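To keep things clear, I will list the structure first and then write my remarks on it.
The values are calculated or read from the model by the stated rules, or taken from the named source; none is laboratory data. Keep in mind the model is a prediction, meaning the values are calculated, not measured. Here Cβ is always computed from backbone atoms with ideal geometry, including for glycine, and neighbour counts include all displayed protein chains. Keep in mind that these areas ignore ligands, DNA and RNA; they rest on the heavy atoms of the full protein, side chains included. Shrake-Rupley method; radii C 1.70, N 1.55, O 1.52, S 1.80 Å.
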Amino acid sequence: MALPNNNPTKTASWQKLTDHFNDINNITIKDLYKDENRASDFSLEFDDLLVDFSKNRITKETLDLLVELAKEVELKKAIESQFSGEVINVTEGRAVLHTALRSTSEEPVLVDGKNIKPQIQTALRKIKSFSNKVISGKWKGYTGKSITDVVNIGIGGSDLGPDMIVESLKFYKNKLNTHFVSNVDGDHVSEIIKNLNPETTLFVIVSKTFTTQETISNAETIKNWFLKSATIFDIPKHFVAVSTNLEAVDNFGIDKKNVFPMWNWVGGRFSLWSAVGLSISLSVGFDNYRELLDGAEEMDIHFRNEDFDNNIPVILALLSIWYNNFYLAETEAVLPYSQYLKKLPDYLQQAIMESNGKGVDRNGDKIDYQTGTIVWGSTGTNMQHAFMQLVHQGTKLIPADFIGYKESLYGLSDHHKKLMANYYGQMEALAFGKTKEEVHLELQFSGDEDKINALLPFKVFEGNRPSNAILFDKLTPKSLGKLVALYEHKIFAQGVLWNIYSYDQFGVELGKELANKLLNKQ
Ligand code: F6P
């Protein structure tokens, strides 16, 4: 058995957590904050990252019991199994090794008895040399012109990761314009190609299987559009592929030299660190791409080695379990205070919900406790003028991650001060709210004394709404790598805690099958 198999609800620590929950579930964050060391006692620092989780409904005892739970379900063993290449994706018979893609250590990682590190290095060299040629203009299109635009054709993990990173690292981008086509909706591809020049556009077809309906349809449509002005002999200059299915790539007409590898031991939604990230390397250059990988590797080392009570992904996973399984919160919000990160919630929806949206445990038995959280979000401050009303005063408990940066990229310090005042202000409002007495005084002061009775209940903020502050010094390729790897590890840790398989996705198959049946009937 490659992964431990423990029903979390049958552990001693779960029972203790249940009792403890009954004891403290009326506790308020405001009360907890009477302890003047609260913020520092419930914060973790890791290089340029500070995670302040003090505004949660937890005590030291809660944390200890949650850590005990992690130990009881043998999380440490599971982490080791993942990093060392055991077949932990049991239902698909695969190892899960996105961590090997960013590893710079000499330590071999074996798959079927063979060290995979050399092939990863070869792929990285190929990404580097190809990116350099295209960015420098040495790579020419069929009329001798340099490339100006790159189009990534893919969907799911072959789209969301690269798209999110390219958007997040826009500040670091070079002169190439990068576009993403994913939806089988023909209007999507039409909108993208309408302004492109076939002579100067490079298409990167990304599909692990090279059978995905959306990607192949878009690739065929684009090839036909391209062939209106060029010939099949020009295809090698404009089409490259990232795939494991070499035969299908060849049938499509792509030159073998232009194929970048993907491997079965990398899941689609964890693949941006492989050649699936080619469009990232094209957009920001290989050195920045490597920095992204380096940041992720730093988080990998932290996750693998740090004790659970100092381990950022583990602590965030445990907090999420606390709200999901004890408070029965159904959703979590991810709220980046950086416009660059506007695509992060979409990316995390696949990473989190495709991984942990499972209702059967590792024995194949139906689960009678809650698993996979629903994740959603948007950027601050825009969302303050959209959905935050519900988070502040609605009937639902929605734990939220606030992601922020101490420094902005363009300066404009006045804007950044305002942005960060909102970042902290929102978390404070959620945690501490506004009492009846405070509202009363406020209305009195503003001369609205006659309206006090009518308005008071509507203006009260109960508070006691949890949040985590995830604060980096600055948005760089490296800090972004760390952030994404943090969430990846949180996902895995939660999957282990819930005793589910996080790395398959059978739930997306039935809809695909039925769509194909319906198509064949037409
Ligand atoms: O949505 C299902 C899925 O299999 C994802 O896991 C994957 O990222 C996506 O489809 C795309 O698959 P492929 O890279 O094989 O085209």
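For the reader, a short list of remarks on this structure follows.
- Segment ASP35-LYS10, length gained on full extension (0.36 nm per residue, minus Cα span): 5.6 nm
- Rounded to whole numbers, the Karplus 3J(HN,Hα) couplings from phi for the stretch 38-55 are 3, 4, 6, 5, 10, 9, 10, 10, 8, 6, 8, 10, 10, 10, 9, 10, 6, 8 Hz, using 6.51 cos²θ - 1.76 cosθ + 1.60 with θ = phi - 60°, and x at Gly and Pro.
- Solvent-accessible ranking of THR200, THR211, THR244, largest area first, probe 1.4 Å: THR211, THR244, THR200
- Under DSSP loop assignment and at most 15 Cβ neighbours within 10 Å, longest GluC sites (Glu not before Pro)-free interval of the chain: 107-329
- The modelled label-to-label distance for the pair LYS140/SER105, using points 7 Å beyond Cα in the direction of Cβ, is 4.7 nm.
- When both bridge partners sit in the chain, DSSP labels roughly 30% of those beta bridges antiparallel.
- Cα-Cα over 30 Å, subset of LYS173/LYS358; LYS55/LYS417; LYS77/LYS482; LYS228/LYS478; LYS358/LYS417; LYS77/LYS257: LYS173/LYS358; LYS228/LYS478; LYS358/LYS417; LYS77/LYS257
- Area accessible to solvent at HIS440, 1.4 Å probe radius, in Å²: 80
- In order along the stretch 187-195, phi translates into HN-Hα couplings of 5, 5, 5, 5, 5, 6, 7, 4, 9 Hz, rounded to whole numbers, per the Karplus curve 6.51 cos²θ - 1.76 cosθ + 1.60 with θ = phi - 60° and x for Gly and Pro.
- Cβ-placed point charges (K, R +1; D, E -1), dipole of the chain about Cα centre in debye, nearest 20: 1900
- If only the Cβ of Lys and Arg carry +1 and only the Cβ of Asp and Glu carry -1, the dipole of the stretch 187-328 around its Cα centre is close to 580 debye.
- Legend: calculated FRET efficiency, THR435 to ILE374, from the Cβ-Cβ distance at R0 = 22 Å, rounded to 0.05, equals 0.10.
- Estimated [θ] at 222 nm from DSSP helical runs (n ≥ 4, -39500 (n - 2.57)) normalised by residues in the chain, nearest 500: -13000 deg cm²/dmol
- Mean sequence separation of contacting Cα pairs (under 8 Å, at least six apart), scaled by the length of the chain, corresponds to a relative contact order of 19 percent.
- Charge context of ASP504, other residues only, Cβ under 12 angstrom, K/R +1, D/E -1: +1
- Packing-based ranking of 467-476, 308-317 yields 308-317, 467-476, ordered from highest to lowest mean Cβ neighbour count within 10 Å.
- In terms of its C-alpha gyration tensor, the stretch 13-111 has an oblate overall shape, because the principal axis ratio a/c (a ≥ b ≥ c, square roots of the eigenvalues) is not below 1.5 and a/b does not outweigh b/c.
- Placed amide H near TYR33: partners under 5 Å, 5+ positions off or other chain: none
- Gain in span if fully extended, LEU246 to THR59, counting 0.36 nm per residue against the direct Cα distance: 61.9 nm
- Prolate/oblate/rounded label for the stretch 110-288 (Cα gyration tensor, a/c 1.5): rounded
- Percent RCO, i.e. relative contact order, over the stretch 110-288, from Cα pairs under 8 Å lying at least 6 residues apart: 31
- Placing a label point 7 Å from the Cα of PHE461 along the Cα-to-Cβ direction, the residues of the stretch 393-421 whose backbone N falls under 14 Å of that point are 393-394, 421.
- Whole-percent carbon and sulfur share, accessible surface of the stretch 110-288, 1.4 Å: 53
- Rounded, prolate or oblate (a/c below 1.5 giving rounded, otherwise prolate when a/b exceeds b/c) for the stretch 313-409 by Cα gyration tensor: prolate
- Averaged per residue, the stretch 110-288 has 40 square angstrom of accessible surface, using a 1.4 angstrom probe with ligands and nucleic acids left out.
- Coupling constants for the stretch 125-138 follow from the phi torsions by the Karplus curve (6.51 cos²θ - 1.76 cosθ + 1.60, θ = phi - 60°), and in residue order they are 5, 5, 4, 4, 5, 5, 4, 4, 5, 5, 5, 6, x, 5 Hz; glycine and proline get x.
- Placing +1 on each Lys and Arg Cβ and -1 on each Asp and Glu Cβ, with no other charges, gives the stretch 116-265 a dipole about its Cα centre of roughly 940 debye.
- Other-chain or far-sequence residues with amide H under 5 Å of VAL151's (modelled H): HIS179, LEU202, PHE203, VAL204
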